[in-house]
Amino acid sequence: MKWVRVCRMEDILPGLGVCALVEGRQVAIFRVGQRLFALSNFDPFTRANVLSRGLVGSKGERLYVASPLLKHRFDLESGEYLDDPSVRVPVYAVKLEEGDVWVGVPVSEAAKVGT
């Protein structure tokens with residue numbers, strides 16, 4: 001796993017997302033309380049990079065982001081579309097170290113972007 005520092009924790013307001021370019025990919029990073037989630041910024045329904053501007057909510061115990069365009073809801077942990085589990089967006093490992101937010105990309109994927 002290759003880890004890329006993207007921002008400080010305080011750069012992400014609680015309940016909102018930010019977008020970062022990580023190894024050539026747009027990644028949406030969300031802060032819910034003190035928890036962090038990272039998934040692709042690409043909405044497969046509208047084919048636009050907009051998920052970081054979506055609304056965070058919950059359905060039962062599941063936290064989701066609703067796309068700002070057509071309100072499709074994606075689980076923040078799994079990337080699964082809540083209305084059809086066969087549709088999902090990629091999720092990324094995310095961690096907090098000394099106030100810095102880091103996103104992980106598998107080394108094999110990181111190598112593909114540079115070629």
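Computed over the Cα atoms of the chain, pair by distinct pair, the Kirkwood hydrodynamic radius stands at 14.1 angstrom. Once the Cβ-Cβ distance of V87 and L55 is raised to the sixth power relative to R0 = 22 Å, the FRET efficiency obtained is 0.75. Computed over the chain, relative contact order equals 27 percent, with contacts defined as Cα pairs under 8 Å that lie 6+ residues apart. Placing +1 on the Cβ of every Lys and Arg and -1 on the Cβ of every Asp and Glu, with nothing else charged, gives the chain a dipole about its Cα centre of roughly 200 debye.
Using a simple spin-label model with pseudo-atoms 7 Å out from Cα toward Cβ, R5 and E98 lie 0.8 nm apart. Model label sites at L21 and Q34, defined 7 Å from Cα along the beta-carbon direction, differ in position by 3.4 nm. Build a GNM of the chain with springs between Cα atoms under 10 Å: which of L76, L36, L63 gets the top mean-square fluctuation? Of the options given, L63 has the highest mean-square fluctuation.
Only lysine pairs 8 or more places apart, or on different chains, with alpha-carbon atoms under 28 angstrom apart are counted in the chain, and they number 6.
Rule-based calculations on the coordinates, nothing more; no lab input. In this text, all values refer to a predicted model and were calculated from it rather than measured experimentally. Cβ: placed from backbone, ideal geometry, glycine included. Neighbour counts: every protein chain shown.
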